[in-house]
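Student: Supplied in structure tokens, the structure appears directly below.
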Amino acid sequence: MDIDYSVYPIVAINAKMKIIQNNKSITESRNTLGNLINSHLELLMPEKGKNKQKILELCHVGKFLMFFNNKIQINELSEKPDFILKGEFGKIGLEHQILVDNKSKEREGFYENIFSMAEKELNSDKNLPNFLITCYPIPYVNFKINEKENLVKTIVRVVKEYILSEKLIENPIIERIMMTDHSQKSLNVNLGAWWVKDITEELILSAVRKKESKLASYRKNSGENQWLLIVIGSNGESSYNLYNPFEMNLKTEFEKVYILEDFNNRLFELK
């Protein structure tokens, strides 16, 4: 299905890749996003922990649909594909995929997990005041999975001492702490600066082929018109960016393929 992009502010990169700009103000974008996802978000929030991944997907798809000026809406949260859309272009099955560097993602996930576990322990201590604390881990140190329990205990001990005395005691994981007042007990981890990685044609092709193998089930559940949304640039060492768009002759059975650069709020049309 061909879409008339003359109504959108598009800048041609080359014959095969286009960038679609979002020219809405921050307020307009926030309101548009709310209109697109809030009714679906309400269904997921009662079990926020269980639905964490679907909530993230929903937010990404909402950002994606903002580029289409209310011409496409989310009709249904689904699986195989992840979403069913409706609007001026008919019924569309939309599959969502986050593309990250898996090795870096494992490291990020490890740190996020142990600091989340430490936050739960700190929240159970009724004697502690509310706080917003950001911890900066010691760079270039590596830990093993079987050290997780001891690391959580160490984080709790170090953070408690910092809350009470504002002193950072010697420890093997936290290099620096920043603390401010807050309405609740909140503990975050900041992994610091990282080298930005550019997405490559090979990575894109691999992502498309992986999802393309499931097209038969997508069509069975939501019709012939199938789109693929690849999300990159979500801020972190594991994320990819598309700073230098390149020519790419993408051949796929998906009707449309897009890349959403999340943090920079840019949308690229690959097909």
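The values are calculated or read from the model by the stated rules, or taken from the named source; none is laboratory data. Source: prediction; values computed, not measured. Heads up, the Cβs are rebuilt from the backbone with ideal geometry, glycines too, and the neighbour counts pull from every protein chain shown. With ligands, DNA and RNA removed, areas are computed over all heavy atoms of the protein, side chains included. Shrake-Rupley method; radii C 1.70, N 1.55, O 1.52, S 1.80 Å.
Student: Determine, from the Cβ-Cβ distance of Glu147 and Ser186 and an R0 of 30 Å, the FRET efficiency 1/(1 + (r/R0)^6), rounded to the nearest 0.05. Walk me through the intermediate numbers first.
Tutor: Numbers: r = 24 Å, r/R0 = 0.81.
It comes out at approximately 0.80.
Student: Show which aspartates and glutamates lie in cross-link reach of Lys80 when reach means a straight Cα distance below 20 angstrom and same-chain residues fewer than eight apart are skipped.
Tutor: Of all the aspartates and glutamates, those that pass the test against Lys80 - Cα under 20 Å, at least 8 places apart if same chain - are Glu57, Glu95, Glu212, Glu224, Glu253, Glu255.
Student: Moving on. Classify the stretch 185-235: rounded, prolate or oblate, from the alpha-carbon gyration tensor (a ≥ b ≥ c, eigenvalue square roots; a/c under 1.5 rounded; otherwise prolate if a/b is larger than b/c)?
Tutor: Values: a/c = 4.19, a/b = 1.85, b/c = 2.26.
Oblate, because a/c is 1.5 or more while a/b does not exceed b/c.
Student: Could you name the aspartates and glutamates in cross-link range of Lys167, using Cα to Cα under 17 Å and dropping any fewer than eight places away on the same chain?
Tutor: Glu175, Asp181
Student: Cross-link candidates for Lys160: which lysines have Cα within less than 17 Å, leaving aside residues fewer than 8 places away along the same chain?
Tutor: Once the sequence-local lysines are set aside, what remains near Lys160 is Lys120, Lys126, Lys185.
Student: Can you report the principal axis dimensions of the stretch 102-146 using only the alpha carbons, biggest first, rounded to whole angstrom?
Tutor: Sorted largest first, the three principal extents are 38, 20, 16 Å.
Student: Would you kindly calculate the mean projected area, averaged across all directions, of the convex hull enclosing the Cα atoms of the stretch 139-271, in square nanometres?
Tutor: On the way: hull surface 50.5 nm².
Average of the hull's projected areas for the stretch 139-271 equals 12.6 nm².
Student: Given the convex hull of the Cα atoms of the stretch 57-113, what is a quarter of its surface area in nm²?
Tutor: Answer in nm², one decimal: 4.9.
Student: Let me ask another. Provide the per residue accessible area, probe 1.4 Å, for the stretch 21-100, rounded to a whole number of square angstrom. Working shown, then result.
Tutor: Values: 4170 Å² over 80 residues.
That works out to 52 Å² for each residue.
Student: Right, next: Label points 7 Å out from Cα along the Cβ direction at Glu224 and Asp125: separation in nm?
Tutor: 6.3 nm
Student: Now for a different question. At 1.4 Å probe size, put Arg176, Arg219 in order of accessible surface, largest to smallest.
Tutor: Working: Arg176 115, Arg219 65 Å².
My answer, sorted largest first, is Arg176, Arg219.
Student: For the stretch 137-211, which chymotrypsin sites (Phe, Trp or Tyr not before Pro) pass both filters: DSSP loop (anything but H, G, I, E, B) and at most 12 other C-beta atoms within 10 Å?
Tutor: Details: sites: Tyr140, Phe143, Tyr162, Trp194, Trp195; in loops: Tyr140, Phe143, Trp194, Trp195.
Qualifying residues, ordered by number: Tyr140, Trp195.
Student: Counting Lys and Arg as +1 and Asp and Glu as -1, what is the net charge of the other residues whose Cβ lies under 11 Å from the Cβ of Ile177?
Tutor: Working: positive: Lys167, Arg176; negative: Glu161, Glu166, Glu175.
Its environment carries a net charge of -1.
Student: Let me ask something else. Counting only protein heavy atoms and using a 1.4 Å probe, what share of the accessible area of the stretch 177-271 belongs to carbon plus sulfur, as a whole percent? Walk me through the intermediate numbers first.
Tutor: Numbers: 2290 of 4710 Å².
Answer for the stretch 177-271: carbon and sulfur cover 49 percent of the accessible area.
Student: Please list, in chain and number order, the residues 5+ apart from Asn188 or on another chain whose amide H is under 5 Å from its amide H, with Hs placed from the backbone.
Tutor: Correct list: Ile133, Thr134, Cys135.
Student: Here's something else I'd like to know. Which one of Ile174, Ile84, Ile98 has the biggest mean-square fluctuation once the chain is modelled by GNM with Cα springs under 10 Å?
Tutor: Looking only at Ile174, Ile84, Ile98, the biggest GNM fluctuation is shown by Ile174.
Student: Also: Ratio of the stretch 17-124's C-alpha Rg to 2.2 N^0.38 Å, to two decimals? Mind showing how you got there, number by number?
Tutor: Details: Rg = 16.7 Å, N = 108, 2.2 N^0.38 = 13.0 Å.
In units of the globular-protein estimate, the stretch 17-124 measures up at 1.28.
Student: Which loop GluC sites (Glu not before Pro) in the stretch 30-123, with loop taken from DSSP, have no more than 15 other Cβ atoms within 10 angstrom of their Cβ? The partial results should precede the final answer.
Tutor: Working: sites: Glu42, Glu47, Glu57, Glu76, Glu79, Glu88, Glu95, Glu106, Glu108, Glu112, Glu119, Glu121; in loops: Glu79, Glu88.
Taking the stretch 30-123 and a limit of 15 other Cβ atoms within 10 Å, the loop GluC sites (Glu not before Pro) found are Glu79, Glu88.
Student: Please check: in the Gaussian network model of the chain (C-alpha springs, under 10 Å), which one of Thr154, Thr180, Thr134 has the largest mean-square fluctuation.
Tutor: Result for the chain, Cα springs under 10 Å: Thr180 fluctuates most.
Student: Further question: Normalised by the empirical 2.2 N^0.38 Å for globular proteins, what value does the Cα Rg of the stretch 218-271 take? List each step's numbers first, then the result.
Tutor: Details: Rg = 13.0 Å, N = 54, 2.2 N^0.38 = 10.0 Å.
In units of the 2.2 N^0.38 Å rule of thumb, it is 1.30.
Student: Still on this structure: With the cut-off at 15 Å, report for the stretch 109-173 the share of all Cα pairs above it, as a whole percent.
Tutor: 50 percent
Student: Here's something else I'd like to know. Beyond 23 Å, how much of the Cα-Cα pair distribution for the chain remains, as a whole percent? Before the final figure, lay out each step's value.
Tutor: On the way: 22263 of 36585 pairs.
Everything past 23 Å amounts to 61 percent.
Student: Still on this model: In degrees between 0 and 90, to the nearest 10, how far off the longest principal axis of the chain does helix 148-165 point, with axes built from Cα atoms?
Tutor: 70 degrees
Student: Report the label-to-label distance for Ser217 and Lys197 in nanometres (one decimal), using points 7 Å from each Cα along the Cα→Cβ vector.
Tutor: 2.7 nm
Student: May I pose another question? So for Leu250, Leu203, what's the accessible-area order with a 1.4 Å probe, most first?
Tutor: Numbers: Leu250 15, Leu203 55 Å².
Descending order: Leu203, Leu250.
Student: Which sequence of Cys59, Cys135 reflects their accessible areas, 1.4 Å probe, from the largest down?
Tutor: Highest to lowest solvent-accessible surface, that is Cys59, Cys135.
Student: Might you work out the accessible area of Asp198 for me, using a 1.4 Å probe with all protein chains in place, and round it to the nearest 10 Å²?
Tutor: Looks like 70 Å² after rounding.
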